[in-house]
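Data first, discussion second: the structure below is written as C-alpha coordinates.
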(Lines give C-alpha, C1' and ligand atoms only; values in the text may rest on other atoms or scores of the structure.)
Protein backbone atom coordinates (compact mmCIF):
# COMPACT_ATOMS: atom_id res chain seq x y z
CA UNK A 1 0.00 0.00 0.00
CA UNK A 2 2.96 2.25 0.60
CA UNK A 3 4.01 2.02 -3.07
CA UNK A 4 0.64 3.42 -4.15
CA UNK A 5 0.11 5.86 -1.25
CA UNK A 6 -3.13 4.04 -0.50
CA UNK A 7 -4.98 4.33 2.79
CA UNK A 8 -8.06 2.30 3.63
CA UNK A 9 -10.04 4.56 5.92
CA UNK A 10 -12.35 1.91 7.35
CA UNK A 11 -11.17 -0.66 9.91
CA UNK A 12 -10.36 -3.97 8.22
CA UNK A 13 -8.91 -7.42 8.87
CA UNK A 14 -6.52 -9.14 6.47
CA UNK A 15 -7.25 -12.86 6.37
CA UNK A 16 -5.11 -13.95 3.42
CA UNK A 17 -2.16 -12.49 1.59
CA UNK A 18 -0.55 -13.16 -1.75
CA UNK A 19 -2.47 -12.15 -4.78
CA UNK A 20 0.62 -12.58 -6.91
CA UNK A 21 2.63 -11.58 -3.80
CA UNK A 22 1.46 -8.00 -4.09
CA UNK A 23 -1.87 -7.90 -2.35
CA UNK A 24 -4.22 -9.34 0.19
CA UNK A 25 -7.80 -10.38 0.91
CA UNK A 26 -9.68 -8.60 3.67
CA UNK A 27 -13.04 -7.68 5.09
CA UNK A 28 -14.22 -4.54 6.80
CA UNK A 29 -14.74 -4.76 10.55
CA UNK A 30 -17.49 -2.15 10.59
CA UNK A 31 -19.94 -4.24 8.55
CA UNK A 32 -22.73 -5.49 10.73
CA UNK A 33 -22.53 -9.09 9.56
CA UNK A 34 -21.23 -12.30 11.04
CA UNK A 35 -20.29 -13.38 7.51
CA UNK A 36 -19.02 -10.23 5.76
CA UNK A 37 -18.36 -9.53 2.11
CA UNK A 38 -14.76 -10.19 1.07
CA UNK A 39 -12.57 -7.59 -0.63
CA UNK A 40 -9.12 -7.50 -2.13
CA UNK A 41 -6.26 -5.06 -2.48
CA UNK A 42 -3.61 -5.31 -5.17
CA UNK A 43 -1.76 -2.91 -7.43
CA UNK A 44 -0.52 -2.65 -10.95
CA UNK A 45 3.07 -3.91 -10.75
CA UNK A 46 4.53 -1.46 -13.25
CA UNK A 47 5.05 2.25 -12.81
CA UNK A 48 3.05 4.27 -12.21
CA UNK A 49 1.81 1.93 -9.48
CA UNK A 50 -1.96 2.08 -9.18
CA UNK A 51 -3.96 0.60 -6.31
CA UNK A 52 -6.85 -1.72 -7.05
CA UNK A 53 -9.37 -2.30 -4.28
CA UNK A 54 -12.41 -4.34 -5.10
CA UNK A 55 -15.13 -6.57 -3.77
CA UNK A 56 -15.07 -10.31 -4.29
CA UNK A 57 -18.32 -12.00 -5.24
CA UNK A 58 -18.41 -14.12 -2.10
CA UNK A 59 -18.93 -13.69 1.60
CA UNK A 60 -16.21 -14.84 3.98
CA UNK A 61 -17.52 -18.38 4.59
CA UNK A 62 -18.02 -18.97 0.85
CA UNK A 63 -14.51 -17.69 0.14
CA UNK A 64 -12.97 -20.08 2.69
CA UNK A 65 -15.07 -23.03 1.48
CA UNK A 66 -14.00 -22.29 -2.10
CA UNK A 67 -10.31 -22.26 -1.14
CA UNK A 68 -10.67 -25.56 0.70
CA UNK A 69 -12.42 -27.12 -2.31
CA UNK A 70 -9.71 -25.77 -4.62
CA UNK A 71 -6.96 -27.18 -2.38
CA UNK A 72 -8.66 -30.56 -2.27
CA UNK A 73 -8.97 -30.59 -6.06
CA UNK A 74 -5.29 -29.73 -6.48
CA UNK A 75 -4.29 -32.49 -4.07
CA UNK A 76 -6.57 -35.02 -5.78
CA UNK A 77 -5.25 -34.19 -9.25
CA UNK A 78 -1.64 -33.92 -8.09
CA UNK A 79 -1.19 -30.53 -9.71
CA UNK A 80 1.18 -29.18 -7.04
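Quick one: in region 17-51, of everything that is free of Cβ contacts under 8 Å to residues at least 12 places away in the same chain and under 28 Å from residue 68 (Cβ atoms), which residue is surrounded by the fewest Cβ atoms within 10 Å (Cβ to Cβ)? Before the answer, list the steps.
At the first step, the residues of region 17-51 found to be free of Cβ contacts under 8 Å to residues at least 12 places away in the same chain are 17-18, 21, 31-32, 34, 44, 46-48.
Filter once more, keeping what is under 28 Å from residue 68 (Cβ atoms): 17-18, 21, 31-32, 34.
Numbers: 17: 12, 18: 9, 21: 8, 31: 13, 32: 5, 34: 8.
Step by step, filter region 17-51, then rank; the result is 32.
Of all residues in region 1-11, those being loosely packed, with under 11 Cβ neighbours inside 10 Å, part of a loop (DSSP other than H, G, I, E, B) and modelled with pLDDT under 90 number 2. Of all residues in region 12-30, those being at pLDDT 90 or above, in contact with a strand residue (DSSP E or B) (Cβ under 7 Å, 6 or more places away or on another chain) and in a loop (DSSP other than H, G, I, E, B) number 1. No other residue among 68, 64 is exposed (fewer than 14 other Cβ atoms within 10 Å of the Cβ), free of Cβ contacts under 8 Å to residues at least 24 places away in the same chain and assigned to a helix (DSSP H, G or I) apart from 68.
The values are calculated or read from the model by the stated rules, or taken from the named source; none is laboratory data. A quick note: this is a predicted structure, and the numbers were derived from the prediction, not measured. All Cβ positions, even for glycine, are placed from backbone atoms using ideal geometry, and neighbour counts span all protein chains on display.
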